[in-house]
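Accompanying notes for the structure given below.
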Amino acid sequence: MALVHSITILLYFTALSYVASDINYEKAKVALKEYIEKKKKDINPRYRPLYHLAPPVGWMNDPNGFSYHNGEFHLFYQYYPYDSIWGPMHWGHSSSLDLVNWKELPTALLPETEQCFSGSAISENNTMILMYTGRRNTSVEPYFNESQYLAFSTDGIDFTKYEHNPVLPGSPSGAPDFRDPKVWKYDNDFYVVIGTKTLENQGSVLLYKSKDLRNWEIVTVLDESKGDLGYMWECPDFFELNGKFVLLMSPQGMHSQGDRYKNTFQNGYIIGSFNYTTNEFVREQQFQEIDYGHDFYAATTTEANGKRYIVAWHSMWEVSHPEAVDGWVGQMTLPRELSIVNNRILMKPVETIVNLRVGVAVDGNIGLNEVREFGKAVELFIDSDLNRTVNLLLEGRDGGGNIRLRWNPEDHKVVVDRDSGDIRQVEWSPINSTTWRVFLDASSIELFCGEGEVVFSSRAYPLGGWKLTNQSPQSVHVKAFNLKTNSGIVGQENGLRLFIFIIISNIFVINLSYPLY
């Protein structure tokens, strides 16, 4: 009887500690929501995107949990709301019906004993489940630990962390870098790829398998660097596309080679074959960059309606962020649809982007040194004679930053130049179309060449809208559409509910482990 009494007391105080923790967490969510709403009033809008997803306040980096759940797209992101610098990581959250118009939702994950690093989302039995990296400080070198956590939601808005986190406490090699899980389901099994490094500091991706998302077994090293692809592979993704398998990842520590690998860190992919019986990934093509611009990192994908979509952080590490003084940093690229042609990934803007058009701004030829002016949000179609040089200057109507788009017919290179020698360039062989499709926002440019064989995503900071000057030795034809402000974010739903429910009489039936679904 004494034993039963002791167990009762233990269960009682254990339950109270969980309730107290829940209360504190819910209070923190309420306080954060109030802070964000108040802080929005202080944001300087001069560089704020008009149709790209950006944080309401504070810092944004990697996209997380890009998924399709109950007829709606969800996009989470690494988020520090309290300053425009990187800080203890939260998960910001937005949703969209069409990948164009985004709705701000309450912050999905707040750090507690762990920072909420990058991860992914999966839908199972009408429940959305997040799998993310929890990073915790330790008292011994390297003074941190990275392990994999779960959280779940029945409404796609309010998320509860799994009580028995972490579900994967560490890498099998003991390497401290062990992060960014991307989870999916095949037949009746769940799979996840996780980025890591070997003890010899070579980037690597591990493949795990599970029946229930809680108990995982390592399957294999899916792929790793052979000394040429950096010391760490972040943000891995693995998916089938047009009959091929694609390993998408963000290698750190690669050295520049001519025109290639010019950014602080890279983002690219390896095409190969994969067999779910042998779990062997065989390379058929070597690593290729997926975007050639200055600002594209941590790309992640999702599949919906038979199509594979991708989005990335439209920024870069260890560079200046002029918007920081305005109270925010970072935005996402436009979502794009992927395909494989001739063993290369092609990216094109999602079809629904045309819904942002609100009228034709320009439609005609622009001669040498002629100028056309636009607002902050515009889509351009540019046609020219690729047997001759193309040189277009895009700058702010009221000054500020500028960027040049060039084509050299001698070496067949497209060049994006931030007009200070900060150049990104690559050879381009059009498949069919020779049109440049350019999306300009308040502080960004995305250039899609032809069918999406070559894409550049870069940040630029003009003031007062855009101005185009044709400095080519030829006329170019430009058709421009004004784009409406869709999002930045179109509104915030509360979705926040605070339940405090303690029934002492039922203490024996309290379930101390949350169901996953």
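The values are calculated or read from the model by the stated rules, or taken from the named source; none is laboratory data. All of these numbers come straight from a predicted model, not from anything done at the bench. For neighbour counting, all protein chains shown are included, and Cβ atoms are generated from backbone atoms with ideal geometry for every residue, glycine included. We work out accessible area using only protein heavy atoms, side chains counted, and drop any ligands, DNA or RNA first. Shrake-Rupley method; radii C 1.70, N 1.55, O 1.52, S 1.80 Å.
What to note about this one:
- Those residues of segment 252-265 which are touching a strand residue (DSSP E or B) at 6+ places or on another chain (Cβ under 7 Å) and closer than 18 Å to residue 415 by Cα, in sequence order: 259, 260, 262
- Any hit, segment 72-88, residues being among the hydroxyl-bearing types (Ser, Thr, Tyr), in contact (Cβ under 8 Å) with a residue 40 or more places away in the chain and surrounded by fewer than 21 Cβ atoms within 10 Å (Cβ to Cβ): yes
- Strands (runs of 3 or more DSSP E) (entirely within segment 329-374) containing at least 3 residues that are touching a Gly at 6+ places or on another chain (Cβ under 6 Å) and either surrounded by 13 or more Cβ atoms within 10 Å (Cβ to Cβ) or in contact (Cβ under 8 Å) with a residue 60 or more places away in the chain (or both): 344-349
Every residue, every condition in (1) over 21 Å from residue 433 (Cβ atoms); (2) aromatic (Phe, Trp, Tyr), yes or no:
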| position | (1), (2) |
| --- | --- |
| 300 | yes, no |
| 315 | yes, no |
| 319 | yes, no |
| 332 | yes, no |
| 344 | no, no |
| 348 | no, no |
| 358 | yes, no |
| 371 | yes, no |
| 381 | no, yes |
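- In segment 149-166, the residues that are in contact with a strand residue (DSSP E or B) (Cβ under 7 Å, 6 or more places away or on another chain), outside any strand (DSSP E or B) and open to solvent by 20 Å² or more (accessible area, probe 1.4 Å): 154, 157, 162, 165, 166
- Hits in segment 237-267 (condition: in contact with a Leu (Cβ under 7 Å, 6 or more places away or on another chain) and farther than 18 Å from residue 319 by Cβ): 237, 238, 241, 247
- Residues that are without any contact (Cβ under 8 Å) to a residue 12 or more places away in the chain number at least 3 in none of the strands (runs of 3 or more DSSP E) confined to segment 190-257.
- Restricting segment 409-426 to residues that are among the basic types (Lys, Arg) and assigned to a strand (DSSP E or B), the residue that is nearest to residue 399 (Cα to Cα): 424
- Within segment 382-396, residues that are free of Cβ contacts under 8 Å to residues at least 40 places away in the same chain have Cβ atoms under 8 Å from residues that are open to solvent by 10 Å² or more (accessible area, probe 1.4 Å) in these pairs: 387/409, counting only partners at least 6 apart in sequence or on another chain.
- Failed condition for residue 308, given (1) open to solvent by less than 20 Å² (accessible area, probe 1.4 Å); (2) in a strand (DSSP E or B): (1)
- Condition met for residue 138 (open to solvent by less than 20 Å² (accessible area, probe 1.4 Å) and more than 25 Å from residue 305 (Cβ to Cβ)): no
- Close pairs (8 angstrom Cβ cut-off, 6 or more residues apart or separate chains): without any contact (Cβ under 8 Å) to a residue 40 or more places away in the chain and on the phi < 0 side of the Ramachandran plot in segment 397-420, open to solvent by less than 40 Å² (accessible area, probe 1.4 Å) and among the hydroxyl-bearing types (Ser, Thr, Tyr) anywhere: 407/384
- Residue within segment 171-179 that is crowded, with 17+ Cβ neighbours inside 10 Å, in a loop (DSSP other than H, G, I, E, B) and touching a residue at least 40 places away in the same chain (Cβ under 8 Å) present: yes
- Meets criteria (outside any loop (DSSP other than H, G, I, E, B), in contact with a strand residue (DSSP E or B) (Cβ under 9 Å, 6 or more places away or on another chain) and modelled with pLDDT of 95 or more) for residue 22: no
- Taking segment 464-485 as the range and being in a loop (DSSP other than H, G, I, E, B) and within 22 Å of residue 357 (Cα to Cα) as the test, the residues that pass are 464, 465, 484, 485.
- Tabulated pairs, segment 22-47, first more than 30 Å from residue 163 (Cβ to Cβ), second exposed (fewer than 13 other Cβ atoms within 10 Å of the Cβ), C-beta under 9 angstrom, 6+ apart or interchain: 44/325
- Residue 146 part of a strand (DSSP E or B), modelled with pLDDT of 95 or more and among the acidic types (Asp, Glu): yes
- Any hit, segment 49-58, residues being crowded, with 23+ Cβ neighbours inside 10 Å and part of a strand (DSSP E or B): yes
- Given (1) within 18 Å of the chain's Cα centre (by Cα); (2) modelled with pLDDT under 95, index of the condition residue 60 fails: (2)
- If you go through segment 258-285 and pick out every residue that is charged (D, E, K, R) and in a loop (DSSP other than H, G, I, E, B), you end up with 3.
- Apart from one condition, residue 450 fits all of (1) open to solvent by 20 Å² or more (accessible area, probe 1.4 Å); (2) within 17 Å of residue 349 (Cα to Cα); (3) in contact (Cβ under 8 Å) with a residue 24 or more places away in the chain; the exception is (3).
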